[in-house]
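The values are calculated or read from the model by the stated rules, or taken from the named source; none is laboratory data. All of these numbers come straight from a predicted model, not from anything done at the bench. Because the Cβ atoms are built from the backbone with ideal geometry, glycine has one as well, and the counts that use them run over all protein chains shown.
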Amino acid sequence: MKKWLIWLGAAVGGLLVLLVVAAVIATMVIDPNDYRDDIQDAVRDATGRELHIDDELSLSFFPWLGIETGHIALGNAEGFEGDFFSLDAADIRLRLLPLIFRRQLEVAEIRVEGLRLNLAVNEEGVSNWDDLVADVDPEAVEEEAPEAAEFDLADLERVRIGGLRLIDAALSWNDQSTGMQAGISNWSLSLGEIRLGEPLAFSTALDFDLNEPALSGHFEGQARLIADLAGDGAIRIEAMQMALDAEGEPLPVSPLALRLDWRSLSLDPEAQRLVMEDMSGRIADMPFAGGLQIEQLDSDPLIRFELFSGDFPGSALMPFIQDGPEGLDLSGVETVNWRLAGGLDTAADRLTLDGFELRLDELTVEADGSVDALQSETPEAALSLSVSEFSPRALLTRIGLADMLPQTRDPDVLEHFALRAGIEHGREGLRLADLNIQLDETLIEGELVLPVLDPPALRFAFQIDAIDLDRYTEPDADEPPPEEGEPLDLDAIEIPADAIRGHDIEGSIRIGELGMAGITMTSVRAGVSIRDDVLRLSPISADLYGGTQTGELVVDASGEVPSIRFSEELAGVRIGDLLKDMFEMEQITGLANITMEVAGQGHTVGELRPTLNGNMRLRFEEGALEGVDVAYQVSQATVRFREAAKVREDRGRTPFSALGISGTVEDGELISDDFGMLVENFAIRGSGSLSLVDLSLDYNLRARILEDPPSELRADDFDVRGRELHFRVTGTVLAPRLRFDIESLLRDQAGEEVRERARDLEDRLRDRFQR
């Protein structure tokens, strides 16, 4: 037995020696260059193109069977310039002994240098490879095709390839029918040893260029591929590292630097699952990370995702903002980060948002919820939104948008803002439910509905605890900012015609305490409607200064000049406090009951006043006229007619028990013929006019001195009781002037003396006749 083994070993050894000798002899005898012309002729006959083998061919037999080439080029199709294909060098080798004795294919690393492939399409849409893929009858091919043997993946276990190296390759595309040109250059590709079931390392790098849209750049990538082709078919790409540097028109920022890595990207065909784990990357200076999982790949995919960023400065966002507001500069934001997590159920056509968060320094925006019927015309969304408390004034200033802040009478407003709301979207439009807004010290609650988005319509219901609107109004540009407590200039208030035109709005507002136009109101209720360029505030009601206010305001902005109509009723209002807060007027106090219905036109309140027409009724009770003492004026005017000849003390005010004026308003002027006033021991009646523009007065009045004056006036010992004193009031409400008609008193006194003498004469004559 041993002897047989020795003979077998000797035979095998001898055979190997013969193979080696044959291979050496073959390389010495066979010269592949002798067949270059035959090869070129065969290619020309088969394709109609010229094959150029410019350099010597090198053939090896042992221990590797291989061929090494120099420059090779294949000509282009007719009508196309240049070569279709070329390469500078190629080296392909396989090991003979494993193939002969073990039927094992072992290929050394395949190396290709200077590969060039030029693909082109002419103006008629014909490509330069159409002639290489001539029409073939599929039925004829099927008839001639030999019966295919069943493929066994286990056979691949006997295949080993030492790798593939592509050096300095290039690919070009020129489509003259569309004008599109693209190219890949400096392309390198390296594949490690290729064995079934073993990890495959690969790396590549290339430059690319595209003309429409203009895009160019450099790409690099490397990873490790594991494919279980003989088992469950699972594929996994591990340790991926990608880098893209590009510039061009379609990019959000140019140049753009993108880096993307992941630990594992696995595909499990049996479980129908794709999973990406530990993904991280960077766009410019913005880092990000996350993961992805997709189930049910072959039917209705179910996708779960989580993406988030690290902290980065706001300046990193600036290159991506192309059409931002003028002056925007996020370099003042120190910390930006974001997070997005959720799932997509394609079978249910539903997107679930488990968490969205965006942070810019102290500002944090959060949202979660779901969106159904994604592919319908009207997706159904139900989300919750919250904005943490931040300072709009500080943030806008920090990012260079301070000019967007409105000019306000109070420079300390817009320092605090926070928001919470539920967002609903569907067939009924967009709805913000459970709205909760914190604006400085004001809490706003309610809901906002946009039933139609194009053109937009708005429905709302708000409840506000307390707000001072005067703090948010724009100061007069020609005057310095007003001091705290300074009244508002009503004439400067503009009628908001532009804000009315083209809108469809309806809603209601309830305010616990409202500061507006210098006055303070509580329990405010207002209905708001804007349709057909007409604003209607109706009904309006409020409690103010111990009384109530009700009314209606209609602003018609359909014309060039807005027209305004309003009705107003005040009941039991402390008029002194009201006028003091509105105009710093202290000329009248008391409880006011006022009704008015007036209308006019104008762009501002100042333009409106001279155009007012309508009617007005004013009644004041238990008050006083401040700054003038009518009793003192009467005392001074009648001093010559009184025996005491004494002028009473000037108190600087005129207390009254009742004061009433009513009449019509014509061109901004109240014209009345029933002025009435009860002042201590006077009853004053008369008529005249009051300008609503400059508050000027012109009244002719009659003061009747009562027979039984109050006790405090008896010391004056009036001799003019029961008489009428005529006087005229001019000037303004702020500075009235009284001018008395003394002649009427003289005439009355002269007449009384004549009558008294007549009565004395009559009495004397009667006494004489009776005797």
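For region 449-467, check the following and say yes or no: at least one residue is touching a Phe, Trp or Tyr at 6+ places or on another chain (Cβ under 9 Å) and under 26 Å from Trp338 (Cβ atoms).
no
With the checklist (1) within 22 Å of Ala499 (Cβ to Cβ); (2) more than 42 Å from the chain's Cα centre (by Cα) in hand, flag the one item Phe566 doesn't pass.
(2)
If only one of Glu607, Glu586 is touching a Lys or Arg at 6+ places or on another chain (Cβ under 8 Å), more than 13 Å from Gly547 (Cβ to Cβ) and of a type in the set (D, E, K, R), which one is it?
Glu586
Could you list, ordered by first residue, the pairs with Cβ atoms under 6 Å in which the first is in region 599-614 and closer than 10 Å to Pro562 by Cβ and the second is surrounded by fewer than 17 Cβ atoms within 10 Å (Cβ to Cβ), at least 6 apart or interchain?
Matching pairs, first to second residue: Gln601/Val561; Thr604/Glu494.
Could you tell me how many of the residues in region 203-212 are crowded, with 17+ Cβ neighbours inside 10 Å and part of a loop (DSSP other than H, G, I, E, B)?
The number of residues fulfilling the criteria is 0.
Can you tell me which residue among Ile321, Ile294 is of a type in the set (Val, Ile, Thr) and either in contact with a Cys (Cβ under 6 Å, 6 or more places away or on another chain) or surrounded by 15 or more Cβ atoms within 10 Å (Cβ to Cβ) (or both)?
The unique qualifying residue is Ile294.
Check Ile588, Ile564 and return the single one that is in contact with a Leu (Cβ under 7 Å, 6 or more places away or on another chain), closer than 17 Å to Leu697 by Cβ and in the same structural domain as Tyr545 (by TED's automatic domain parsing).
Ile588
Any residue that is buried (at least 16 other Cβ atoms within 10 Å of the Cβ) and touching a Gly at 6+ places or on another chain (Cβ under 8 Å) - is there at least one of those in region 578-586?
Yes, that holds for at least one residue.
Picking from Leu353, Leu363, which residue would you name as being touching a residue at least 24 places away in the same chain (Cβ under 8 Å) and closer than 22 Å to Ile294 by Cβ?
Going through Leu353, Leu363 in turn, just one is touching a residue at least 24 places away in the same chain (Cβ under 8 Å) and closer than 22 Å to Ile294 by Cβ: Leu353.
Name the single residue that is surrounded by the fewest Cβ atoms within 10 Å (Cβ to Cβ) among those in region 444-477 being within 13 Å of Gly507 (Cβ to Cβ) and small (Gly, Ala, Ser).
Ala461
Would you please name the residue that is farthest from Gly600 (Cα to Cα), looking only at residues in region 546-571 that are part of a strand (DSSP E or B) and small (Gly, Ala, Ser)?
Gly547
Out of the residues in region 574-624 meeting the condition of being under 40 Å from the mean Cα position of the chain (by Cα) and hydrophobic (A, V, I, L, M, F, W, C), tell me which one is farthest from Val554 (Cα to Cα).
Only one residue tops the list, namely Phe583.
May I ask you to list the residues in region 225-258 that are buried (at least 16 other Cβ atoms within 10 Å of the Cβ) and charged (D, E, K, R)?
Arg236, Glu238
Would you be able to tell me the number of residues in region 40-57 that are part of a loop (DSSP other than H, G, I, E, B), within 15 Å of Val133 (Cα to Cα) and modelled with pLDDT under 85?
1
Return the only residue of Leu215, Leu200, Leu189 being modelled with pLDDT under 95 and surrounded by fewer than 17 Cβ atoms within 10 Å (Cβ to Cβ).
Selected residue: Leu189, the only one of Leu215, Leu200, Leu189 that is modelled with pLDDT under 95 and surrounded by fewer than 17 Cβ atoms within 10 Å (Cβ to Cβ).
Yes/no per residue for (1) among the charged types (D, E, K, R); (2) under 18 Å from the mean Cα position of the chain (by Cα); (3) not assigned by TED's automatic domain parsing to the domain that holds Glu424:
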| residue | (1), (2), (3) |
| --- | --- |
| Leu340 | no, no, yes |
| Asp349 | yes, no, yes |
| Glu357 | yes, yes, yes |
| Leu363 | no, yes, yes |
| Ser370 | no, no, yes |
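Any idea which residue in region 371-387 is nearest to Leu344 (Cα to Cα), counting only those that are modelled with pLDDT under 95 and among the hydroxyl-bearing types (Ser, Thr, Tyr)?
Checked region 371-387; the qualifying residue nearest to Leu344 (Cα to Cα) is Ser376.
Out of the residues in region 610-640 that are part of a helix (DSSP H, G or I) and among the β-branched types (Val, Ile, Thr), state the one that is nearest to Glu680 (Cα to Cα).
Val630
For the structure I just gave you, tell me whether Asp543 is over 25 Å from Pro496 (Cα atoms) and touching a Ser or Thr at 6+ places or on another chain (Cβ under 7 Å).
Taking the combined requirement at face value, the residue satisfies it.
Would you be able to tell me the number of residues in region 598-609 that are surrounded by 17 or more Cβ atoms within 10 Å (Cβ to Cβ), touching an Asp or Glu at 6+ places or on another chain (Cβ under 8 Å) and assigned to a strand (DSSP E or B)?
The total comes to 1.
Go through region 238-278 residue by residue and tally those that are in a strand (DSSP E or B), of a type outside the set (D, E, K, R) and farther than 22 Å from Gln222 by Cα.
1
What number of residues in region 328-370 are of a type in the set (Val, Ile, Thr), within 19 Å of Arg393 (Cβ to Cβ) and surrounded by fewer than 17 Cβ atoms within 10 Å (Cβ to Cβ)?
Result for region 328-370: 2.
Scan region 648-672 for residues that are crowded, with 16+ Cβ neighbours inside 10 Å and part of a loop (DSSP other than H, G, I, E, B) and jot them down.
Matches in region 648-672: Arg648, Gly668.
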